[in-house]
Amino acid sequence: MQNQGAQGGRGPLVLVADDSPTLLQVVSGVLEQGGYRVITATDGVNCVQAFYANRPDLLITDISMPKLSGYLVCRLLKDDWTAANVPVLMLTGRDASADRFWALESGAEAFVTKDFGPDELLDTATRLVVGREPDYLSPDVGPVTLTESDVLSRVCETLDRKLFESTLVKQIGEVGARMTDFGDTVDAVLSIVGNVLDYQVGCVALAEEGLFALRPVGSVCRQRLLDVVAQMRDEMPPEMHPAVPPEPRLVTFESAGAIVEHDSPPLETFASMPLWSAGRPFAMLGLASTQRNAFGEQDLAALRLIENTLAAVVDNARLHEQMARDAAARGG
């Protein structure tokens, strides 16, 4: 790692990563002329190390680099809340649609080709750094020294999470592709969620329909189901409250459990997540457990990973059932 221009001056600090010494010199020169301080890195691992050691205000990285590509570097940083708010500008040798698409998909805020003009580079850097809103400034965290092994371990963790996410999304998407019945869809979706999070009662609530679809796991008494319904009503976004009737309908699926007459242990932990469609919350997912602090941050992160796919599958099943009811009413 070189510390070109990092000493002296008070301008924003930019980390530039590229395996071409010529490009590093050109980019650094343009930025320094514009009042920026610059540090450089020559490969992907070196880039990550330099980022955490110096906490720059902007990262400019090539896409194709030794050890780690710019895509992986960007994805690694964007998955870390202490680094995610630092903007990333990606460089590529060609203005290809695929490069632009994957750069933005990996989390980069901007994309320029290597035949950029000085004004274009400086204008983009200014837009990303100087023009940022205060709410997007990075947390005040100190430097961290990472070995190459540390960096590669973080990459493996990121790839594991992405595999985990894609597997869940694929399974839930397959439910939407093969099922149209709302009840079967909700039962299957809650079953998939149950493979990842241990819960005693899972629920999907539809606001306008006033429907609470509940899936107990193990032996659960009716009062515990009513407890879940009450908790979900309390945690619904304000937009959903007017749509929920005073006496909602309850539907239960006993594919993984049973509703018992005798009392069952109280529910100690509850987690919920609104499901959105067309810019408004139309449903909620709720999970309840008899264990205290049953759902940790990783569990909640897993729910957020599948939020959009889950919402789309549930909404499609809901609309399909609604159209079937309308068609039956017209036929009658």
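Read-outs throughout are calculated quantities, based only on the coordinates presented, and are distinct from any laboratory measurement. A quick note: this is a predicted structure, and the numbers were derived from the prediction, not measured. Cβ coordinates were reconstructed from backbone atoms using ideal geometry, including for glycine residues, and neighbour counts include every protein chain displayed.
Largest first and in whole Å, the equivalent-ellipsoid semi-axes of region 13-146 read 19, 17, 15, each the square root of five times a Cα gyration tensor eigenvalue.
Karplus-derived 3J(HN,Hα) values for region 202-219, using 6.51 cos²θ - 1.76 cosθ + 1.60 with θ = phi - 60°, are x, 8, 10, 10, 9, 5, 5, 7, x, 10, 10, 9, 10, 10, x, 10, x, 8 Hz; glycine and proline are entered as x. For the residues 194, 286, 35, a GNM of the chain with alpha-carbon springs under 10 Å puts the largest fluctuation on 35. Between the residues 286, 312, 269, the greatest Cα displacement towards the positive end of the dipole of region 258-328, with unit charges on the Cβ of Lys, Arg, Asp and Glu, is found for 312.
All C-alpha pair distances within region 179-331, sorted into 5 Å bins from zero, spread as 2, 9, 19, 23, 22, 15, 7, 3, 1, 0, 0 percent across the bins. Say we join alpha carbon atoms closer than 10 Å with springs in a Gaussian network model of the chain; which of 292, 154, 224 then has the biggest fluctuation? So, out of 292, 154, 224, the one fluctuating most is 292. Computed packing ranks the peptides 96-104, 13-21 as 13-21, 96-104, most packed first, by mean other Cβ atoms within 10 Å.
Evaluate Rg over Rh across the chain, taking Cα atoms for both radii and Kirkwood's formula for Rh. Radius of gyration over Kirkwood radius for the chain works out to 1.10. Computed from phi, the 3J(HN,Hα) profile of region 282-287 under the Karplus parametrisation 6.51, -1.76, 1.60 (θ = phi - 60°) reads 10, 8, 9, 9, x, 10 Hz, with x in place of Gly and Pro.
Could you list which residues have their amide H under 5 Å from that of residue 257, counting only those 5 or more apart in sequence or on another chain, with H placed in the peptide plane? Distant-sequence amide H within range of residue 257: 218. Couplings for region 296-310, taken from phi via the Karplus curve 6.51 cos²θ - 1.76 cosθ + 1.60 with θ = phi - 60°, read x, 4, 5, 5, 5, 5, 4, 5, 5, 5, 9, 4, 5, 5, 4 Hz in order; Gly and Pro are left as x.
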